[in-house]
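**Q** Structure incoming, see below.
The values are calculated or read from the model by the stated rules, or taken from the named source; none is laboratory data. Keep in mind the model is a prediction, meaning the values are calculated, not measured. Note that we place each Cβ from the backbone using ideal geometry, even for glycine, and neighbour counts take in every protein chain shown.
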């Protein structure tokens, strides 16, 4: 909640600063800047590069600030580390009361150490000393060293002077103390606002993990091998799907028999998410490479068939008529008119199919695999290696984005007439 | 010689609700080689259906079309077609569009390239031959379409409102170009148009069609096309006879339109 509020505040502040400061310094002199109607004119809306830059920077800073990263100069309040103390009041069976002090020493997360040496003090309740790491708690059997124990009927009646009973929770200096149902005390030092590394590791921990896994590997394969295998499956599965799907789509677009025969199959299979096929594919083909490739083949097949069919339907009839009147044969009409005319549609389909395949391969590897990006993060999550999981997610995102950019570049290069007819 | 005979052509489209549309009824016509004929009529009079039958894209429900003595049964290179717009191949350069016909016929490059270059010169696109067609203006695109059709050396050229989507100025220039090409190549040209002026200028013969059922209403033989070759077309348009004919045909088409409107209102009532 607090993070969301900070995020919204930064968003608003950045908007105001950029809008009123930077736009005054740099006066834009292009055609769009001369348009007076921009609200509602989609073509006049361009992504503000400052906003993109600040957006990424903000996410990174928030991540760093709430994980105590060394790479970010400011931090959210961290967990309490150091020495603190609180007192508890014991009531003996005869009604006598005595105070004792608990000295707690909190070490930074992950470290261990010895508690302070304290003198037992006077009275029947003796002072205690505990040591624990930040974000951990410690159950204190405070009566172990006391003259009357709970077995004798003694009990804690107050902490720092505030009366307590089993189940109550008291704020003390730098932490809270809860009284358990059996009457012992549970001390939790202040957790601060930062995230524990097990939930969200700091950026440098993730980067260190990338370096480590790219050299030493994880689960018998290096990082690059995991990513290579995922990409390999996607490319082989997609190519198989395209090799079968595109001719199938053309056949459906050109022949009534083919369309009638395959329409029910394609229309039925299209809304089935490829993920739903994973169990069946595992039963049929196991968890090896062939199973993955069959799954990705099925994921790409329907998308490519439908886009090729749409490409054929999208040919202006006058182009086909023109080609026939110029003496072209059926085969030549297919080769020189229908195929090139359907390329833009096929590229759009290929982009979608690549995205779906990438998502499907990661999901399939999450379920069962010996190697691959999805398998890596799944195994890491079982061992609570959050930094590996986070690294995997970031790399999966970067690769998916790169695939899409490459497909767009290929599209610009191969079908320059797209959208210009 | 190439002669196009059209005998008792009828075309009837059956509708799913049991009724039908008589797009053409008993159209008969003889077109001699080298004639320039324009076809005019209110919308819905079947002129595009007529042209599609001549091109071979549709087979008529009754009647026959014969060219040089053999029946027309499908599209073929002997009958070239120029469409209104959007029939060029965007994935090819201007030159590849123009040389499409000879290439499809499997002719050798050195045999057809001279002719293609000559045609690009005639339509004034020599400097644009390596451009993509989507980089050209609408008028230039139609000139490519004309050149592409001529490169295939058809006996008959069918034009379906080829200048309909152009602006007035470009249109006038293109009308001059069509006349010039007609004179230079001596092809038989059948041109469909919405514009009375264009029909008068580009019609040695002018066919006025009437709707419901689509039929030939009246035929003219006009001197303006022959007179206009190589001349400023505005001079031709100033001819008082041109004005008379224009008024006559305009009022004829107006009457037809009003009749249609009246009939529709009757049907509604």
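**Q** Checking residue A:148 against (1) crowded, with 19+ Cβ neighbours inside 10 Å; (2) farther than 30 Å from residue A:64 by Cα; (3) touching a helix residue (DSSP H, G or I) at 6+ places or on another chain (Cβ under 8 Å), only one condition comes out false. Which one?
**A** (3)
**Q** Residue by residue through the stretch A:73-89, note down the ones that are farther than 22 Å from residue A:131 by Cβ and surrounded by 19 or more Cβ atoms within 10 Å (Cβ to Cβ).
**A** If the condition is that a residue be farther than 22 Å from residue A:131 by Cβ and surrounded by 19 or more Cβ atoms within 10 Å (Cβ to Cβ), then A:89 is the only one that fits.
**Q** Still on this structure, I have one more. For the stretch A:335-348, check the following and say yes or no: at least one residue is under 29 Å from residue A:276 (Cβ atoms) and more than 14 Å from every other protein chain (Cβ to nearest Cβ).
**A** Within the stretch A:335-348 (the criterion being under 29 Å from residue A:276 (Cβ atoms) and more than 14 Å from every other protein chain (Cβ to nearest Cβ)), the answer is yes, since at least one residue qualifies.
**Q** Under 6 Å by Cβ, and 6 or more places apart or on different chains, what pairs join a residue from the stretch B:130-150 that is under 12 Å from residue B:181 (Cβ atoms) with one that is assigned to a helix (DSSP H, G or I)?
**A** Going by the 6 Å Cβ cut-off, the qualifying pairs are B:147/B:98; B:147/B:119; B:150/B:119.
**Q** Can I ask one more? Test residue A:37 against the stated conditions and say whether it is in a loop (DSSP other than H, G, I, E, B) and without any contact (Cβ under 8 Å) to a residue 12 or more places away in the chain.
**A** Yes: the conditions hold for residue A:37.
**Q** Of all residues in the stretch A:302-316, how many are more than 9 Å from chain B (Cβ to nearest Cβ) and surrounded by fewer than 24 Cβ atoms within 10 Å (Cβ to Cβ)?
**A** Total satisfying the criteria: 6.
**Q** Assess whether residue A:297 counts as being buried (at least 20 other Cβ atoms within 10 Å of the Cβ) and away from chain B (no Cβ under 14 Å).
**A** It is true that residue A:297 is buried (at least 20 other Cβ atoms within 10 Å of the Cβ) and away from chain B (no Cβ under 14 Å).
**Q** Next question, about the same structure. Hand me the list of strands (runs of 3 or more DSSP E) wholly inside the stretch B:31-150 holding 3 or more residues that are at pLDDT 85 or above and either surrounded by 22 or more Cβ atoms within 10 Å (Cβ to Cβ) or within 11 Å of chain A (Cβ to nearest Cβ) (or both).
**A** Once the strands (runs of 3 or more DSSP E) in the stretch B:31-150 are filtered for at least 3 residues that are at pLDDT 85 or above and either surrounded by 22 or more Cβ atoms within 10 Å (Cβ to Cβ) or within 11 Å of chain A (Cβ to nearest Cβ) (or both), what remains is B:36-40, B:79-82.
**Q** Has the stretch A:97-109 got at least one residue that is in the same structural domain as residue A:161 (by TED's automatic domain parsing), in a loop (DSSP other than H, G, I, E, B) and in contact (Cβ under 8 Å) with a residue 24 or more places away in the chain?
**A** Yes, that holds for at least one residue.
**Q** Follow-up. What's the number of the condition residue A:416 fails, among (1) in a helix (DSSP H, G or I); (2) surrounded by fewer than 19 Cβ atoms within 10 Å (Cβ to Cβ); (3) over 17 Å from the mean Cα position of the chain (by Cα)?
**A** That leaves (1) as the condition not met.
**Q** Report, by residue number, each residue of the stretch B:154-166 that is more than 14 Å from chain A (Cβ to nearest Cβ) and modelled with pLDDT of 85 or more.
**A** B:163
**Q** Could you please find all residues in the stretch B:183-236 being out of contact with any helix residue (DSSP H, G or I) (no Cβ under 7 Å at 6 or more places or on another chain) and in a helix (DSSP H, G or I)?
**A** Correct list: B:183, B:184, B:199, B:226, B:234, B:235.
**Q** For the stretch B:165-182, give me each residue that is assigned to a loop (DSSP other than H, G, I, E, B) and surrounded by 17 or more Cβ atoms within 10 Å (Cβ to Cβ).
**A** Passing the criteria: only B:166.
**Q** Tally up the residues in the stretch A:263-287 that are over 32 Å from the mean Cα position of the chain (by Cα) and buried (at least 18 other Cβ atoms within 10 Å of the Cβ), please.
**A** 1
**Q** Assuming residue A:213 fulfils every condition listed in (1) more than 30 Å from residue A:150 (Cα to Cα); (2) more than 24 Å from the chain's Cα centre (by Cα) apart from one, which condition is it?
**A** (2) is the only condition that residue A:213 fails.
**Q** Could you run through the stretch A:355-387 and say how many residues are more than 15 Å from the chain's Cα centre (by Cα), surrounded by 23 or more Cβ atoms within 10 Å (Cβ to Cβ) and over 15 Å from residue A:292 (Cβ atoms)?
**A** Number satisfying all stated conditions: 0.
**Q** If you go through the stretch A:13-23 one residue at a time, do you hit one that is surrounded by 10 or more Cβ atoms within 10 Å (Cβ to Cβ) and not in a helix (DSSP H, G or I)?
**A** No; the residues of the stretch A:13-23 include none that is surrounded by 10 or more Cβ atoms within 10 Å (Cβ to Cβ) and not in a helix (DSSP H, G or I).
**Q** Now for a separate question. Could you tell me which of the residues A:86, A:60, A:74 is not in a loop (DSSP other than H, G, I, E, B) and not assigned by TED's automatic domain parsing to the domain that holds residue A:113?
**A** Going through A:86, A:60, A:74 in turn, just one is not in a loop (DSSP other than H, G, I, E, B) and not assigned by TED's automatic domain parsing to the domain that holds residue A:113: A:60.
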